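A quick write-up on the structure given underneath.
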Amino acid sequence: MVCLGNICRSPLAEGIMRQRAMEAGLNWEIDSAGTAFYHAGEPPHIQSQQVARENGIDISTQRCRQFIAEDMLEFDRIYVMDGDNYLNVKRISGQLWDGSKVKWMLHALYPEQNKPVPDPYFGTQGDFEKVFDLLNNACLRIIDKYVQAGE
Ligand code: 4NP
């Protein structure tokens, strides 16, 4: 799960996907990272922690880190929150770039449309709640498709 700061959106995506995968009985390794370094080492944004907690998910022990090229080898799927994330992952990955692994997070809900998960960094708690709902629905759909496909 990749966003810009690894402080608002992708930590939530990580926590939600880990919880939903566990509930579906899937033994997936989930992680998140940001394409920028600004927040490395910090816990998730307090409002991301809050909206997660309100939905029964504890993301407080997660720590921000920057995406590295080797993540392209380490993970089978890389979900980006928006188009800038996509281009930055491509830039950072360099020769290790494998476009077949990289998906827009909201393609699961809106196929073919490059819809971003809106950045709530300067937003209200309501904006964080909207992001939670989008990410939760996307995670559920991704898991559903995976299970249906019998992969
Ligand atoms: P995120 O949000 O990419 O969802 O973690 C942001 C976090 C930090 C900044 C921008 C967006 N920033 O400019 O520091």
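Taking a straight Cα-Cα cut-off under 19 Å and skipping sequence neighbours fewer than 8 places away in the same chain, the lysines within cross-link reach of residue 103 are 90, 115, 145. Longest stretch of the chain clear of exposed loop sites (chymotrypsin sites (Phe, Trp or Tyr not before Pro), DSSP loop, at most 13 other Cβ atoms within 10 Å, sites excluded): 39-121. How big is the gap, in Å, between the Cα center of segment 1-21 and the Cα center of segment 89-151? Using only Cα atoms to place each centre, the spacing works out to 9 Å. Given an 8 Å cut-off on Cα distances and at least 6 residues of separation, report the relative contact order of segment 1-71 as a percent. Here the relative contact order equals 40 percent. Using C-alpha pairs below 8 Å separated by at least 6 residues, the relative contact order for segment 2-149 is 26 percent. Let a ≥ b ≥ c be the square roots of the eigenvalues of the Cα gyration tensor of the chain; is it rounded (a/c under 1.5), or, if not, prolate (a/b larger than b/c) or oblate? Rounded shape, in that the Cα axes give a/c under 1.5. On a per residue basis, the chain carries 53 Å² of accessible surface, using protein heavy atoms and a 1.4 Å probe. Based on DSSP H assignment, which helices of the chain show an axial Cα extent of at least 30 Å together with a mean Kyte-Doolittle hydropathy greater than or equal to -0.5? Once both thresholds are applied, what remains is 125-149. The packing ranking, built from the mean of other Cβ atoms within 10 Å per residue, places the peptides 39-50, 108-119 in the order 39-50, 108-119, highest first.
Run the helix sum for the chain: -39,500 (n - 2.57) per DSSP H stretch of 4+ residues, divided by residue count, reported at 222 nm to the nearest 500 deg cm²/dmol. So the helix-based figure for the chain works out to -13500 deg cm²/dmol. Charge dipole (Cα centre; +1 on Lys/Arg Cβ, -1 on Asp/Glu Cβ; no other charges) of the chain amounts to roughly 160 debye. When the solvent-accessible area of segment 44-151 is split by element, carbon and sulfur atoms take up 48 percent of it, the probe being 1.4 Å.
The values are calculated or read from the model by the stated rules, or taken from the named source; none is laboratory data. Computed from a predicted model, the values in this text were never measured in an experiment. Virtual Cβ from ideal backbone geometry, glycine too; neighbours counted across all protein chains shown. Remember, those area values only see protein heavy atoms, side chains included, never the ligands or the DNA or RNA. Shrake-Rupley method; radii C 1.70, N 1.55, O 1.52, S 1.80 Å.
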